[in-house]
Every structure is written in structure tokens, then in C-alpha cells.
């Protein structure tokens, strides 16, 4: 069993033990996920050397980032679990498609989004 | 090596091959993550039997959900990779804390957020 | 001068007085906006009679909603101001387009998003 | 009647004419708002001279920004309308509080969020 699967099962059991499964419909989980994404965004909202490149590993910002990334991950895998989706498998298929869609020689150093081109 | 680690390394290599690492600072990745969370939210934005409970596994909604969950996961693990954070490890520590903070006998069937209480 | 314009000018002056204009580039304001949208989502994340229909006007949830809606509005009009966009004018043009795109007789009682159709 | 009030009433009538009020509960509107915030974030997700400072007023990025800001504004005022909240009034109260909380002499040129301090 993979680490992500073990985490999914652990969270499933955590929810079942507290009878919280009734709160975990898709819409509720997406709203909860947004709450955590908002907390992650807040950490990086103002420009600065740490937010623009990467925070010092000993900083409070680094520690808080690990917490918020965890919260987003937990709600995301709970949503995948509730929907019966294998997120690792689905993400690998996405990367298969991205490799075809963005050939190395054509996109070297070029952001894929053309809407921002001048 | 875990499945999530393998996915992280695959995405790291994908980015390096295209010289896209320069786009992957924390703020850019969080904005990109928001784009994908927005697409996930859109799928479930209107009430209905499938959005409120869970979509039929053969539905377009189910397939689109797998894609959007993948996109969120990919930007999230790329962010963790750039910041030098192990998301599985951090999420397990979060669940350790949640188990202490929400004892089963005290929170059985009760949403943890009191702000919504009548 | 409209009320929204007056609010925009007040926030502009508030920012100038504190020399905070340097923090108000588009990416920073969007990240800050995401933080506030996250707080709004958190208030409504779990299902319940007040979150699903509408909260009692005397409830804490109602009061907190007014605060979070304000925070989203403030960052949104600050972003529009920085970009030189008139949001009222742009929104009226959007509604003009929506009236053409969704004729009453064709969309009566039908959610516009077909991705969710069974 | 203020411009924002007129816009709110126009959107209310637009919804009523299409019998779409049944879709406009708070959770649905917040999910829809998240979708539009995601589209706004996408426009600015990659670093560059226009995304970091401000786009040229004749650019596609500027035009797309006006559209996405409108979409966020429309769902936001629809939510406020459904909840019975006056957003201009609430935002002015927020600015009253911010003026007290961040005295000019103490916060001159200082981002209010200390979590990011080095």
C-alpha cells in the first residue's frame, strides 16, 4: 500500500470514528479545501524575498507552509476517496497528456499560457 | 519510493526538461493552484443530486472531477517540492494533532466549527 | 460620485497614507483576495440549515459573512483601481452579454452549466 | 440609488426572470465565486512584467481582467443580496476598523502581516 493510500485510509477511519462522514459530501469538502487554500495564499500574499523565491527552512513561514499544504492535501484526498477516484493514477494520466501537449522543443522556457503574451 | 514521491520526481523532471522551473516560485504555484481549485468548484457549483451526494462513476462529472483533482494535486506537490516539504509526513503530523484536538467522545457527530452553530 | 467609487477612493487614500501602494501589485492583491474568499468559504463549509438556505440576520454567521464579503469587495475594487478598470461598467457589460446568451424562454429554471447534467 | 445597488437589482431581476433564484443559496454562490476567482488567478499565475506590475490597457490581459473582476463582483453582490447585507456599508465599517488598527505612524511602509517577516 502506498503512503498516500495509507493517509487516505487513516483519514477515512478518523472521519468514521467521529461520525463526520455525513459532513463530507463533495460541495462541503471543496468549500473546506478553499478555506485551506486561502490560508496558504495569505502566507504568500505580500511580495518579499522569501515569498517570491522560497522561505528559509527554519522560518515560521516554512513551518506554516507545511501545515497549510497538509490541510489542502487532506481535504483533497478525502474528496477523491468520497468520489472513488485514485488521485495518483489520475495525476499520472494528466502528466502523460501534458508530455504530449507540450513537446520539449516547442515549449522550452515558454510559459504554456498564451493569454499573458504581450 | 512511494507513489507520491515518484509523481513528485516525475513532475520535477517534466519541469526541468522544459526549463519551466523559473516559473515555479511559491506565489506562481499558489495562483496556478487556485486556477485549478476554481475549475473543481465550478463542477459542483449548482445544487443537484450528483453534486450534493456524489456523481455516478460513469458520468462526465466524475471524469472531470478526476482531472481537476489531479491538477490541484500536481501543483500542490510541486509547491511542496520547491519548498522542500514532505507532504505525507506533514499531513500525518496534522492528523496526529487532529486526533488529540477532537476526542471521539466529545465530537461524535458534531461539526468542529462552532461559528455555524445557531 | 457613486458609493463604490467613493469606497475605492477611500481605500486608495488609506493605502497611500501608509505607503502600502508598493504591496498592491495585481498578483499580491489576487493572493490577498483568495485569503478572504477562503474565510468566506470556511463559514459555509459544513452543511446545515443556515449555510444551505440563509443565516438568521441576528446570527454570528450573518455578521461574519458581512465582514468577509467586505474584505473580498475591498481587495477586488483595489485590484480594479490599480488596473484602471471601472468594475460597475464592466459588470454591466457582462450582464448585457448574459441577457443575450441566456434567453429567458430557453433557460427558464435550467442551470446554465451542462457539465452537471446527468 | 447608487450604481452598485442598481447593479444588484438588475442581477436580482435577471435571476428572477430565469427562475434561477433556486440556484442562489449561499454555498452555491460561494462555489461559483471561487470558479471566477480561479479564472482571475489563472490570468496572473506566471511571473512577468505585466502580471507583476500591471498590464498594458490595450492588452488582452487587461480586457480579460475586466471580465473576471466583473464575474467575481456579480457573484459577490448576489450573495450579499441573498443574505440581506449592504456591502458598501459593511466595507466602510471595515475601513473604519482598519484605520484604527493600523495607525499611519506605526505601519508606514510595513506590511501588516508579520508571519512573513524574515
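Values quoted throughout were computed directly from the atomic coordinates according to the rules given, and no laboratory measurement underlies them. It should be emphasised that the depicted structure is a prediction, and the values quoted were computed from it without experimental measurement. A quick note on method: Cβ atoms are made from the backbone with ideal geometry, for glycine too, and the neighbour counts reach across all protein chains shown.
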* Take the alpha carbon atoms of the range C:4-69, find their center, do the same for the range A:1-28, and report the distance between the two centers in whole angstrom. => 30
* **Degrees, to the nearest 10: D:87-101 long Cα axis against longest axis of chain D** => 20
* Asked: Hey, for residue C:52 with labels 7 Å out along Cα-Cβ, what do the inter-copy distances come to in nm, ordered shortest first?
  -> 0.5, 4.8, 4.8
* Computed over the range C:3-103, Cα set: Rg, Dmax in Å -> 16.3, 48
* To do: Would you mind listing the distances between the residue A:12 label point and the same position in each other copy? Use 7 Å along Cα-to-C-beta, nm, one decimal, shortest first.
  => 3.0, 4.7, 5.6
* Structure fact -> Shortest first and in nm, the label-point separations between residue C:108 and its counterparts in the other identical copies (7 Å out along Cα→Cβ) come to 5.2, 6.1, 6.5
* Mean 1/r over all different Cα pairs, inverted: what Kirkwood radius does the protein assembly as shown give, in Å? -> 22.9
* To do: Return the distance in nm (one decimal) between the two label points of a simple spin-label model at residue B:93 and residue D:102, each offset 7 Å from Cα along Cα→Cβ.
  => 3.1
* Size-normalised alpha-carbon gyration radius of the range C:1-60, reference 2.2 N^0.38 Å -> 1.58
* **Principal-axis tilt of helix D:26-43 within chain D, Cα atoms, nearest 10 degrees** => 50
* Asked: With contacts defined as alpha carbon pairs under 8 Å and 6 or more residues apart, what's the relative contact order of the range C:1-90 in percent?
  -> 40
* Using only helices, what value at 222 nm comes out for the protein assembly as shown when you add -39,500 (n - 2.57) per DSSP H run of length 4 or more and divide by the total residues, to the nearest 500 deg cm²/dmol? -> -21500 deg cm²/dmol
* Nearest-ten-degree value, helix B:60-83 long axis tilted from longest Cα axis of chain B -> 60
